[in-house]
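Have a look at the structure below, then the notes.
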Amino acid sequence: MISERENMLLVLEGKQPEWIPNYGVASIKISPNCIARKLDPKTGYMVDACGVEFFQAIDGLTPIHTKDQDFTMKDITKWRDHLPKIDLKSIDWEQDVRASLHNRYSYYGDPTGEDKVTDYVFGYLWDELHYLMGFEGALCALLEEPECCYDFLQALADIYIEVFRNYCRYWKPDVAMLVEHVATNRGLLMRADTYREIIKPAQKKVYDAIIEEGVYPEIHTDGEFEAILGDYAEMGIKVIQPFQIYNDIEAAKKKYGFVCIGGWDSFGPGNLPDSTEEEVRQSVRTAMDAYGKTNRYAIYFSGCTARNPERMAILADEAEKYGHSFYKK
């Protein structure tokens, strides 16, 4: 029997795997130590490289200023003051890589396993802008100061790329992703043309670097983003996670060759407050039946958090049972 990593690599290569992987089990995530969020022992908050403080809510990390509306960056024209204050030339990159590998993590599986796909979290571009300014402030900045937004995203991308290239001198991940929440389940947060003019160029620089290093390019984005699927393909993105059901996933796989990691209905009957165990298990089977037959698919339970540890266990159990039997039927 092949390993989790070998099976997941078959998915990424567009080949039929032996079973449908649960990406939470088949992968581990690695954030570069030098720019990763770190705990401030004085406040108990996690702080990112741009100075945004986060508190640990049950559903994940949330910016502190989301509650009090006192945002870290109030004026986008002062964006240079909020770039990561890190002397990249003074970093011992080999040691930084070792620290990152030591701190690897997984949201849904065991992070200690060696034989798993490594997923490098490249960083946040649009997400960092709204972390700094809030969604309302960031969206207003796109309209009022598009050149400043463009310049900020370009400068942040350059920092991320320099870190990534130095990492690849000592260790190379299987997959690398930007985390970019540009949509809700109703569509894009901004006009598609605004995305293309301001956000996409910085993203493309990142994906050019990922592809040049021979790493699978992935994007983490939620919601309905049909309007820019062609842009993702044009940038060379191969993997979308957690590709949500608000999009025509099968059509996108066929047209662009995307790998879908996700396809689970996080707002459906398998993830409601009163969901029964059978409904939870059926939600796994529904997703696998919909997207597993044409390959290039791994299930991922984005939307089920530590709020429901029993549900997470049921989802993982059903994914193991049904996924391993899927191609034997």
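Of all positions in the stretch 184-197, at least one carries a residue that is part of a helix (DSSP H, G or I), β-branched (V, I, T) and either crowded, with 22+ Cβ neighbours inside 10 Å or without any contact (Cβ under 8 Å) to a residue 60 or more places away in the chain (or both).
For the stretch 287-299, filtered to residues that are in contact with a strand residue (DSSP E or B) (Cβ under 8 Å, 6 or more places away or on another chain) and open to solvent by 10 Å² or more (accessible area, probe 1.4 Å), the residue that is nearest to S3 (Cα to Cα) is R296. Go through the stretch 74-103 and give me each residue that's closer than 29 Å to S302 by Cα and surrounded by 17 or more Cβ atoms within 10 Å (Cβ to Cβ). Scanning the stretch 74-103 gives P84, D96, V97, S100. Which residue out of S302, S266 is in contact (Cβ under 8 Å) with a residue 60 or more places away in the chain, within 30 Å of Q203 (Cα to Cα) and open to solvent by less than 60 Å² (accessible area, probe 1.4 Å)? Unique residue meeting the criteria: S302. Looking only at the stretch 316-323, decide whether some residue is open to solvent by 50 Å² or more (accessible area, probe 1.4 Å) and in contact with a strand residue (DSSP E or B) (Cβ under 8 Å, 6 or more places away or on another chain). There is at least one residue in the stretch 316-323 that is open to solvent by 50 Å² or more (accessible area, probe 1.4 Å) and in contact with a strand residue (DSSP E or B) (Cβ under 8 Å, 6 or more places away or on another chain). You will find that of G257, G214, the residue that is at positive phi and open to solvent by 40 Å² or more (accessible area, probe 1.4 Å) is G214 and no other. Looking only at the stretch 1-54, residues that are more than 28 Å from D92 (Cβ to Cβ), open to solvent by less than 30 Å² (accessible area, probe 1.4 Å), in a helix (DSSP H, G or I) and touching a Gly at 6+ places or on another chain (Cβ under 9 Å) come to 3 in all.
The values are calculated or read from the model by the stated rules, or taken from the named source; none is laboratory data. Since we're looking at a predicted model, the values are computed, not measured. Don't worry about glycine lacking a Cβ; one is built from the backbone with ideal geometry, like all the others, and counts go over all protein chains shown. SASA here: full protein model, heavy atoms, side chains in, ligands and nucleic acids out. Shrake-Rupley method; radii C 1.70, N 1.55, O 1.52, S 1.80 Å.
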